[in-house]
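What follows is a single structure, written as structure tokens, with notes after it.
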Amino acid sequence: GYILQNFQNTGRITTDGLDLSIQYQQHTPIGTFHEDLEGTAITQFLEQQYSSGPSLNLVGNLQIINLLPAYRWQHNLKVDWTSPQGTFGGGLSDRFYSTYIDEYPDANGNQLKVGNYSLWDAYAVYKPTAKLAVLIGIKNLFDTSPPFTNASQNNFAAGYNALVADPLLRNFY
């Protein structure tokens, strides 16, 4: 009466791209700066769901139902500063995800795009003693809403990609 349709992990994934990691440290009269860029550019992400099945390219594409898109470009950029005596510090970071084609077209059959998503965070720290540090921060500094998506698969949250979006919007810690 029933057919068991479990995923059997018999296919394969083939990826091509470039990982980028740049780190730099500067010592200046006003303190030490650390810059860090970690990024990934994906040129090809082929998924074959079962042995001898078709290879589906997921780069920038969510139109393939039940599979997640592979972002063409995503990065985490950070800049941190520490005062010369280490008493004060702060930082700024950006998490970025590139655009991709949405799961379903519009009513006229036109492909829809989910926009880029960039989240900026900031923090400040005060360290009066070696054993005490007070840290305050803001996640999603510019209160950026996630880009709209009409995807329904693998997504419990209607209207945005729950895998990367921050549903709390701006929040303080």
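The values are calculated or read from the model by the stated rules, or taken from the named source; none is laboratory data. In this text the structure is predicted, and so the values were computed from the model without any measurement. Backbone-built Cβ (ideal geometry, glycine too); neighbour counts: all protein chains shown. Accessible surface areas use protein heavy atoms only, side chains included; no ligands, DNA or RNA. Shrake-Rupley method; radii C 1.70, N 1.55, O 1.52, S 1.80 Å.
Note on the range 70-110: residues that are of a type in the set (G, A, S) and in a strand (DSSP E or B) amount to 5. Number of residues in the range 102-140 that are over 16 Å from the mean Cα position of the chain (by Cα) and either small (G, A, S) or under 21 Å from G39 (Cβ atoms) (or both): the value is 8.
Mind checking whether some residue in the range 135-145 is farther than 30 Å from I30 by Cβ and aromatic (F, W, Y)? No, the range 135-145 has no match at all.
Restricting to the range 111-140, count the residues that are assigned to a loop (DSSP other than H, G, I, E, B) and open to solvent by 80 Å² or more (accessible area, probe 1.4 Å). Here the count works out to 4. Each residue in the range 39-56 was checked for being open to solvent by 60 Å² or more (accessible area, probe 1.4 Å) and more than 20 Å from Y100 (Cα to Cα), and 5 of them qualify.
Residue-level check: of (1) within 16 Å of the chain's Cα centre (by Cα); (2) open to solvent by 80 Å² or more (accessible area, probe 1.4 Å), Y71 misses just (2). Restricting the range 97-108 to residues that are open to solvent by 40 Å² or more (accessible area, probe 1.4 Å) and modelled with pLDDT of 90 or more leaves a set whose member that is farthest from L58 (Cα to Cα) is N108.
Determine whether P167 is in a loop (DSSP other than H, G, I, E, B) and either open to solvent by less than 80 Å² (accessible area, probe 1.4 Å) or of a type in the set (S, T, Y) (or both). No; evaluated as a whole, the condition is false for this residue.
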